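The values are calculated or read from the model by the stated rules, or taken from the named source; none is laboratory data. Bear in mind the structure is a predicted one, so any value in this text is a computation, not a measurement. Here Cβ is always computed from backbone atoms with ideal geometry, including for glycine, and neighbour counts include all displayed protein chains.
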């Protein structure tokens, strides 16, 4: 027999999850997010695959979302629903990159499925998104930031490694060697 939870408990659990993600994205401290999951929880991400337990979830989330470019992203909710029969929450999150400096918006949505375990914790999270589209989004955003001169040195170094082709032409915001001579 499957455990049943009330709609209110599932709503409260979702709000805790959403608030924890918001706080972690702002602070860079993803440990409270890790603790939302049972010690043997499963986390499924399209780019990484299946992770099991805090020992696999923690390094992934701190590396992927706690460092650039994940640290430049916020995750506001578009909508959510709760399924009391299955103890499941399904939501659409907006993956929004910071303003590159001109007010333009760079975002891609994903669907997140959360299987509730009780007491404000989850047994599974599955994120569903098109990884190729997400990669192109980060590239486009990086190109725009570069054009506007809004990347710091560490961010420029990351893009030089991950997407060197976007740095091949001089940034309009930065003087070229011929202009400074």
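Brief remarks on what is shown
- The residue that is farthest from residue 75 (Cα to Cα), among those in the stretch 1-40 that are touching a residue at least 24 places away in the same chain (Cβ under 8 Å) and touching a helix residue (DSSP H, G or I) at 6+ places or on another chain (Cβ under 7 Å), is 37.
- Complete set of residues in the stretch 78-115 that are closer than 19 Å to residue 19 by Cα and out of contact with any strand residue (DSSP E or B) (no Cβ under 6 Å at 6 or more places or on another chain): 98
- Residue tally, condition outside any helix (DSSP H, G or I) and surrounded by fewer than 16 Cβ atoms within 10 Å (Cβ to Cβ), over the stretch 17-37: 3
- Residues within the stretch 66-123 that are out of contact with any helix residue (DSSP H, G or I) (no Cβ under 6 Å at 6 or more places or on another chain), touching a residue at least 24 places away in the same chain (Cβ under 8 Å) and at positive phi, tallied: 2
- All told, residue 82 falls short of being crowded, with 18+ Cβ neighbours inside 10 Å, modelled with pLDDT of 95 or more and part of a helix (DSSP H, G or I).
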